[in-house]
Amino acid sequence: MYVLKPVHHVARPRVAPLSAGAIIRTLLALAVLGILTLPVLAEPTRLRLRGDVTARGDVLTLGDLIEGAAADVARQALFRSPALGASGTIQARRIVEAVARLGLGDVETGGRSQVAIMRAARRVGAAEIEAAVKRTLEASYGLDGRNLALRLDDESPTLLAPVDLDGPANAVDVTYDARSKRVAALVTLGDRQASLRVTGQVVEIREVVVLGRALNRGEALVAADLTTERRLREASPADAQSNSASLVGQVAQRTLSAGSVLRSGDVAPPDLVSRGEAVTMVFDSPGLNLSLRGIANESGRVGAIVSVTNPISKKVITGTVIGPGRVSVGPAAPARQATLESAALAR
């Protein structure tokens, strides 16, 4: 038999409401706390001297030099900025004195004795200046800018302008003497807000084929061996090759060094007939087509005139190379030779 135990009810504590005295004491404590912290909250932001400064305009404002200045006084001009692209320093005491004259209180300098100032500037260099002058030469004088280069008298001209002055440089007041190739121009940005006068010499440029690796005599060219570069015409050989595609497959006629400009005669089409090689002599005439075997007495490329010996009659015959191991003899040879020479000239 189980013994039943009585259930004891635990009485939960009752929350007593705050008395009027407790409420008054709490309000008084909050009021006292507010009075004590009010001066701290109302204390103005301390003014601090900035570190090195990059100026973007003609003047340095209070906000450029001091941290914590109110917006209504931050735009106050204090000093002039250095020239475009130049740098300078301002003594910290001068900045502090300028702030004091405005009645803004003390400035925390952080131990600095001076502040370095750099004036930002947009720099227009020689490449952009040359492009501007060439555009005007094309428009005003009809020159082809793709085949021209400008050799400026000043090797490294620089036009300095405010950083917010964007847009391309333009060349105005351009004069060009076609005989002497001399040019003078005023390069400007914006509505002549920044300008620089330049003079120089207009020179012609041309495309030349440059060899990418050394070649031994008799070695054939492949496309990877050749690059095309633009060079001054006066500094490149008069017979420099300009069409790399036509040179692929040709062979070196002498030893060639890497980086050399290929000239006429440096390479030539490969020989299609070799000396001592058995060749087929072809005789073409109206209504008659003959072929017989012979021995080449000399080597030759397509279109070359070579002599061939008939091994049976021992007679030597002159013909024109028309293909690998093939020599044309007879009446058709001169006409075929003229056709091959015309094709070679066209290339």
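Within segment 261-300, what residues put their amide N at less than 15 Å from the label point 7 Å along the Cα-to-Cβ vector of V316?
275-276, 295-299
Could you derive backbone 3J(HN,Hα) for segment 78-92 from the dihedral phi with the Karplus parameters 6.51, -1.76 and 1.60 (θ = phi - 60°), listing whole Hz in sequence and x where the residue is Gly or Pro?
Each residue of segment 78-92 in turn: 10, 9, 7, 7, x, 5, 3, x, 9, 9, x, 9, 10, 5, 4 Hz.
At 0.36 nm per residue, minus the direct Cα-Cα distance, what do E207 and A71 gain on full extension? Give it in nm, one decimal, please. Before the final figure, lay out the partial values.
Numbers: separation 136, 0.36 × 136 = 48.96 nm, distance 6.07 nm.
Result for the pair: 42.9 nm of gain on full extension.
Ratio of Rg to Rh for segment 182-239, alpha carbon only, Kirkwood?
Values: Rg = 20.0 Å, Rh = 15.4 Å.
The Rg/Rh ratio comes out at 1.31.
Of Y141, Y176, how do they rank once you tally other Cβ atoms within 10 Å and put the fewest first? Don't skip to the answer; put the middle values down first.
Values: Y141 13, Y176 17.
Placing the least packed residue first, the sequence is Y141, Y176.
Collect residues whose amide H, placed 1.01 Å from N in the peptide plane, falls under 5 Å from the amide H of L152; neighbours closer than 5 in sequence don't count.
Q201
How many nm is it between the label spots at S299 and R93, if each spot is 7 Å from the Cα in line with the beta carbon?
With each label point 7 Å from Cα toward Cβ, the separation is 9.0 nm.
I want to make sure I understand the PRE zone here: with the label point 7 angstrom from the Cα of A258 toward its beta carbon, which residues in segment 194-237 have backbone N atoms less than 11 Å away?
Answer for this model: 212-215.
Which three lengths, in whole Å and largest first, does segment 47-120 cover when its Cα atoms are put on their principal axes?
So the three principal-axis extents are 33, 27, 17 Å.
Once phi is turned into ³J(HN,Hα) by the Karplus curve 6.51 cos²θ - 1.76 cosθ + 1.60 with θ = phi - 60°, what whole-Hz value does each residue of segment 310-320 show in order, with x for glycine and proline?
Rounded to whole hertz, the list is 6, x, 8, 8, 6, 7, 9, 10, 9, x, 10.
Based only on other Cβ atoms within 10 Å, what is the fewest-to-most ordering of M281, M118? Walk me through the numbers before you get to the answer.
Numbers: M281 19, M118 15.
Lowest to highest Cβ neighbour count: M118, M281.
Largest first, please: the extent of the C-alpha atoms of segment 136-186 along each principal axis, to the nearest Å.
The Cα atoms of segment 136-186 stretch 39, 23, 21 Å along the principal axes, largest first.
Taking amide H positions as placed in the peptide plane 1.01 Å from N, state which residues far from Q76 in sequence (5 or more) or on other chains have amide H under 5 Å from it.
Amide H to amide H, under 5 Å and 5 or more residues apart or across chains, Q76 pairs with L62, G63.
Could you give the size of the charge dipole of segment 50-172 about its Cα centre, using +1 on the Cβ of each K and R and -1 on the Cβ of each D and E, expressed in debye and rounded to the nearest 20? Could the numbers behind the result be given before it?
On the way: 15 positive and 17 negative charges, 39 e Å.
It comes to approximately 180 debye.
Any read-out appearing in this document is the output of simple, stated calculations on the displayed coordinates, not a laboratory observation. Just so it is clear, the structure is predicted and the values come from calculations on it, not from any experiment. For neighbour counting, all protein chains shown are included, and Cβ atoms are generated from backbone atoms with ideal geometry for every residue, glycine included.
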